[in-house]
1. Averaging over every viewing direction, what projected area does the convex hull of the Cα atoms of the range A:82-149 cover, in nm²?
2. Using 10 Å bins from zero, what percent of all Cα-Cα pairs in chain B falls into each bin?
3. What is the interface area between chains A and B, defined as buried accessible area summed over both chains with a 1.4 Å probe, reported in Å² to the nearest 100?
4. Principal axis extents for the range A:44-120, Cα atoms only, whole Å, descending order, please.
5. Mind checking B:130-141 for the average number of partner chain beta-carbons within 10 Å of each residue's beta-carbon?
6. Sequence neighbours fewer than 8 away in the same chain don't count; with that in mind, list the aspartates and glutamates whose C-alpha is under 18 Å from B:K165.
7. Using only the alpha-carbon atoms of the range B:1-72 as identical scatterers, what base-10 log of I(q)/I(0) does the Debye formula give at q = 0.14 Å⁻¹?
8. How about A:K158: which lysines have a C-alpha closer than 30 Å to its C-alpha, ignoring those fewer than 8 places off in the same chain?
Amino acid sequence: MSEIIRLHNVSKNYESFQVLQGINLSVQQGEKIVICGPSGSGKSTLIRCINRLNPHDSGSITVEGQDVSSKAGSDHVRREVGMVFQNFNLFPHLTVLENCTLAPMKVRGLSRQAAEELALRYLNRVHIGAQAYKKPGQLSGGQQQRVAIARALCMNPKVMLFDEPTSALDPEMVGEVLEVMAELAQDGMTMLCVTHEMGFARKVADRVVFMDAGQIVETASPAEFFDNPQHPRTRAFLSQIRH
Amino acid sequence: MNFDVAVFWDALTSYPFFKGACITLLLALLAHSVGILLSIPAALALDGPNNPARATLRGVLSVFRGAPTLLQLLFVWNALPQFFPIFREEWFTPFFAAWIALSLNETAYQVEINRAALKSVDRGQYAAGHALGLSRLQVFRYVIMPQAARIAIPTTANEFITLLKITSLASVISLQELMAVTSQTVSSTFQFSEYYAVALVYYLAMVYSLTWLQGGLERRLSWDAVAAAPVSLVQRTLARMRRI
């Protein structure tokens, strides 16, 4: 296995508030990492720093050896790393198909026909090919999130970042999105998921990273993490989410 | 009360009135086009933390927005030639002067419309565009602009209708637009109602057509599954005319 993402001593502040403090993390190719922790702990900021949606203040983040704080590095990471958002962020004025073909055509320079073939392949893969000609507003939340996953996959990313992909969904739609994500994991995609779906973490993750107050408190395999958490803050968090 | 239908009809179909209406429409179209063209970069440039360049731009725009349109027309027509010899030449006609003055005035208003429209696009749309590897320009062109345009269209169309009516002010710098033609005809014939009715018919016809075009444009750009409750053309036009 080779390293694909490396965070070294990464810190970030909002005004005087330190959201990330000295984060170190190395992600191997094909690895599935679940990041969890209480709200405000910096999980989302962390993954948004990786693809440069939030610039970090100090330390270094490299993706395939390229520093994301350089122009070339941030262009590279955005082309090669896909992202799925909590609120889907589909383009409401475009059809499902156009949502998926936009970046392949404009960034990768694919022809419309090639981009549409690619898009339909991924839309079918997330079981939503039949909705290709609808606008996002006509779909349910679960369907929209699956479109968002397909849209990211159309760029043939080497890594997928998920920022609480099921948090904005009605409970009955969470399952269909997690299922697609699990299939993606099975196909060997490198994944970083911020999620509170502990069942998913246990089933899919190679490692669980627990964050609190801008720091990584504990990193462990799912079995270790859930059955034998080391840090008191991890234990407190787990007891809270288990009700 | 006497209303001479023959006089009304003759004027309505006469060349001077038709030409006056064409000048009105052309002036409004040209001034608004320049307004839109200048206002998009201006709206983008104003978005960000305060700095001397932005403060200057804001100051200039607030002058164009604050000064009465009539004053601006008179200034451009009478005062500009005093400052710049180039404006003393043959090409500087009342039409050009009105075009310049109304364009600047319109830019100032349109900037605010565009800024509001750009602000109302969800920040997540930028994030999604950038996360897909699109450049800043591509995000703006393919993601933000179409959404902002839809929001800006009703107010922009309103603005255009207001502008169409404001062009009548250009009669003071001797531009032969619809209102100038009407006033001159009336002052020699004293048949007020007939000629005012002609002007009204022309203005209404222009506003009606624009409202109709706007409706079509809104429908084309809309992406909601459920369309907004339809408002009839007559209702919308009447609502507009009340603001003259």
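1. With the hull built on Cα positions only, its mean projection is 4.2 nm².
2. 7, 25, 30, 22, 12, 4, 1, 0
3. Between A and B, the summed buried area is about 1700 Å².
4. Computed over the range A:44-120, the largest-to-smallest principal extents equal 42, 26, 16 Å.
5. Per residue, the average neighbour count from other chains is 6.
6. Straight-distance partners of B:K165: B:E106, B:E177.
7. Scattering profile of the range B:1-72, log10 relative to I(0): -0.67.
8. A:K12, A:K32, A:K43, A:K71, A:K106, A:K134, A:K135, A:K203
The values are calculated or read from the model by the stated rules, or taken from the named source; none is laboratory data. Please read all numbers here as calculations on a predicted model, not as lab measurements. Backbone-built Cβ (ideal geometry, glycine too); neighbour counts: all protein chains shown. The protein model used for the area step is the full one, side chains on, heavy atoms only, and it has no ligands, DNA or RNA in it. Shrake-Rupley method; radii C 1.70, N 1.55, O 1.52, S 1.80 Å.
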